[in-house]
Amino acid sequence: MITKKQTQVLDFIKLYMAKHSYAPSLEEIKKKFKLASVSTAHYYISKLQDAGFLNKEHNQPRAVSTVKAKQTVEIPILGAIAAGQPIEAMEIPDETITITRDEIGKQGKHYALRVQGSSMIDEGIFDGDIVVIRKQEVAENGQTVVAVIDDNQATLKKLYRENGKFRLQPANPTLFPIYRDEVEVRGVVVKIIRNLESQLDQGQSRDEKYVRKIDYSWDYRGEKTKSHTHGIHTYPAMFIPQVGRRLLETYSKEGDTICDIFCGSGSALVESRLIGRNAYGIDLNPLAIFLAKAKTTPINPQKLTREYIALLDRVEKIKDKEIQRPDFNNINFWFKDKVIVKLAKLKKAIREIKDETIQNFLMVAFSETVRYSSNTKTGEFKLVRVKGDKREKHDPDVIGIFRKHAEKNIAGMTDFCRDTKKDSWTKIIYGDSSKDNGIKANSIDCIITSPPYGDSRTTVAYGQFSRLSAQWIDIFDDPNDASGVDNDLLGGRATKNLTHTLSSDYLKESLEKIAKQDEARAKDVLSFNIGLNECLKQAYRILKPRKYFCLVVGNRLVKQVRIPTDFIIAELAEKIGFTCEDIIVRNIPGKRMPIKNSPTNIVGALEETMNKESIVVLRKN
Ligand SMILES: C[S@@+](CC[C@H](N)C(=O)[O-])C[C@H]1O[C@@H](n2cnc3c(N)ncnc32)[C@H](O)[C@@H]1O
């Protein structure tokens, strides 16, 4: 299966080879098709190789050669299909797509549709993709189908039969299923064709000041993200380790000192230690600091295992009367009484460990145990209590949960200890990155970071996510202070009015559009950007001249206005003294961070799921 553009690239390669007897280089392909980067040319080559049109000849400068054509078939593209709200089913053949017979099987008739919308993103079907459909009128439970409902409205969904009805299920956790008594099936999806061309075109067609380059090689779809100590604790919007590592390897070198100014749970810092960079991490959420320290401090695995086994022995023997129940507001709202007793015994046993680093490391598994045994919905980043019957039945095996996490974490630490570069160091600072945190001016070789996506009220509430853990593991002198964290983070306090001096046309345009609908939301957005601008200034101060600052950011929707945070950062940063050298767009595979913007107040009208993010590459002048 190859798309129009891929066919053009293949034709070019064939012609070139006929003329020169060797293949064109990636640079030549890039030049010929005016591609954004060599990696895009490489993307086309690998697609042609995957489809069997080119041979794989690795590690040679002009590493392609054509193969004998496979049996291909031309499939008509009959129009668009909604992966979102159903749209009128219209079949107007406009183009065709060529794919090899092997890819769809010999049976049946096929057609293709362009996808509109994001309701199937967890199935790997994105806006702009093309789906190949095998015509059929029946489907099995769970198949992704073209379904026509309500008098000719077509939609792409997973089909289930339930209690005599049909459920059309979106593959997107923020959207609701559609139930109908009758559904007409017009076929099942047999092939998904990612459409790099249309996305590149969309990204570049407007007359923008900056250019976004979509690069699928940054997706790391299906790769393991929990190696070493990366998986020891959940944290919202964590870095994919592969992205962190690639940025570090591209923009810094061994022995350099790097900084993550919003280090969160410390993913970039773990990668730094693994590839021999010294690292500073800064964050304003105390639980994040606790996790980042535990993740980056090597501990002898044998010693750790010994302490863990002794701990399991001790916890059995602790009597109810020996425990100290924590005292914070609403504890009985979030935990059942018998869970509180078990957690308190476990905590007492961990606190008896003399070695503080081992104690803290096992506290990380305890913190996860707190979350899983509480009455909260564990799939949410905000604190939401499970309802009625489900809560009644909730009877968590506290020690079992702890053991599962502790043992997984010890295995992760064993790998981390083995692979970490012994003479690199990590320093983690609890502080506000919009202020001077004591890092010397012009001392850092590279900054890589991922800022929050927006204010905590409408995006991720890092403080709220961390609250119960922080209260149980005594992170605050007064555990009730844990409720205040979100107010201090970027955008935590809305501005009084909408006047400002930030030098960004993109921001001005977004604020105007949002303010027309909801002034309060516009103030949240402004407050976030004022804080972010201060962070950019501090980053400028600590970075050495000519060195790189990479930010992984999401362009969120507020009141249906897409805020181009990547362009806003580029504009603000250029005013401060950076040059924006690149904006790379990557897909976020899987369900890492659905963002529900409930303030719309329309049932079912959830504003977005972010499925792309931008990597903004800045260089200090
Ligand atoms: C997207 S998360 C970073 C996640 C991190 N990359 C990881 O892998 O865990 C953003 C972080 O910014 C932190 N943050 C928000 N405002 C801050 C500020 N003013 N100063 C420092 N950190 C802040 C939040 O606490 C949160 O941990």
Region 513-532 residues that are in contact (Cβ under 8 Å) with a residue 40 or more places away in the chain and closer than 20 Å to Gly554 by Cβ, paired with ones that are away from the ligand (no atom under 16 Å from the Cβ) and hydroxyl-bearing (Ser, Thr, Tyr) (beta carbon under 8 Å, 6 or more apart): Val525/Ser510; Asn529/Ser504
Meets criteria (in a helix (DSSP H, G or I), modelled with pLDDT of 80 or more and among the basic types (Lys, Arg)) for Lys31: yes
Among the listed residues Ile282, Ile323, identify the single one that is touching a Phe, Trp or Tyr at 6+ places or on another chain (Cβ under 9 Å) and either within 16 Å of the ligand (Cβ to nearest atom) or in contact (Cβ under 8 Å) with a residue 24 or more places away in the chain (or both). Ile282
Region 470-493 residues that are closer than 24 Å to Ile530 by Cβ, paired with ones that are among the basic types (Lys, Arg) and away from the ligand (no atom under 15 Å from the Cβ) (beta carbon under 8 Å, 6 or more apart): none
Check Gly264, Gly231 and return the single one that is under 22 Å from the mean Cα position of the chain (by Cα), within 16 Å of the ligand (Cβ to nearest atom) and on the phi > 0 side of the Ramachandran plot. Gly264
For region 140-163, state whether one or more residues are at negative phi, under 27 Å from the mean Cα position of the chain (by Cα) and of a type in the set (Asp, Glu). no
In the set Lys295, Lys224, the lone residue that is at pLDDT 95 or above, among the basic types (Lys, Arg) and within 16 Å of the ligand (Cβ to nearest atom) is Lys295
Over region 278-303, the set of residues assigned to a helix (DSSP H, G or I) and within 27 Å of Arg467 (Cα to Cα) is Pro286, Leu287, Ala288, Ile289, Phe290, Leu291, Ala292, Lys293, Ala294, Lys295, Thr296
So which residues in region 469-491 are of a type in the set (Asp, Glu) and within 12 Å of the ligand (Cβ to nearest atom), if there are any at all? Asp486, Asp488
Restricting attention to region 59-66, does a residue exist that is closer than 26 Å to Lys106 by Cα, in contact with a Leu (Cβ under 8 Å, 6 or more places away or on another chain) and at pLDDT below 80? yes
Any residue at all in region 449-462 that's free of Cβ contacts under 8 Å to residues at least 60 places away in the same chain and within 14 Å of the ligand (Cβ to nearest atom)? yes
Can you go through Ile258, Ile309 and tell me which one is closer than 30 Å to Ile439 by Cα and out of contact with any Pro (no Cβ under 9 Å at 6 or more places or on another chain)? Ile258
So in region 492-523, with the set limited to residues that are more than 16 Å from the ligand (Cβ to nearest atom) and among the basic types (Lys, Arg), which one is surrounded by the most Cβ atoms within 10 Å (Cβ to Cβ)? Arg521
Selection count where residues are in a loop (DSSP other than H, G, I, E, B), at negative phi and more than 7 Å from the ligand (Cβ to nearest atom), scope region 250-261: 4
Identify, by number, the condition in (1) touching a helix residue (DSSP H, G or I) at 6+ places or on another chain (Cβ under 8 Å); (2) within 17 Å of Gly266 (Cα to Cα) that Val315 doesn't meet. (2)
For region 234-249, what are the residues that are in a helix (DSSP H, G or I) and either within 9 Å of the ligand (Cβ to nearest atom) or in contact (Cβ under 8 Å) with a residue 40 or more places away in the chain (or both)? Pro241, Val243, Gly244, Leu247, Leu248
Does Ser433 satisfy the condition of being touching a residue at least 24 places away in the same chain (Cβ under 8 Å), near the ligand (Cβ under 8 Å from one of its atoms) and either within 13 Å of Asp260 (Cβ to Cβ) or not in a loop (DSSP other than H, G, I, E, B) (or both)? yes
Step by step: first the residues of region 472-487, then only those that are in contact with a Ser or Thr (Cβ under 9 Å, 6 or more places away or on another chain) and in a loop (DSSP other than H, G, I, E, B), then the one that is modelled with the highest pLDDT. Which residue is that? Ile473
Meets criteria (within 16 Å of the ligand (Cβ to nearest atom), part of a helix (DSSP H, G or I), within 25 Å of Asp283 (Cβ to Cβ) and in contact (Cβ under 8 Å) with a residue 60 or more places away in the chain) for Ser466: yes
Residues being under 12 Å from Arg194 (Cα atoms) and modelled with pLDDT of 85 or more - total across region 113-155: 2
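The values are calculated or read from the model by the stated rules, or taken from the named source; none is laboratory data. Being a predicted model, the structure only gives us computed values, none of them experimental. Cβ coordinates were reconstructed from backbone atoms using ideal geometry, including for glycine residues, and neighbour counts include every protein chain displayed.
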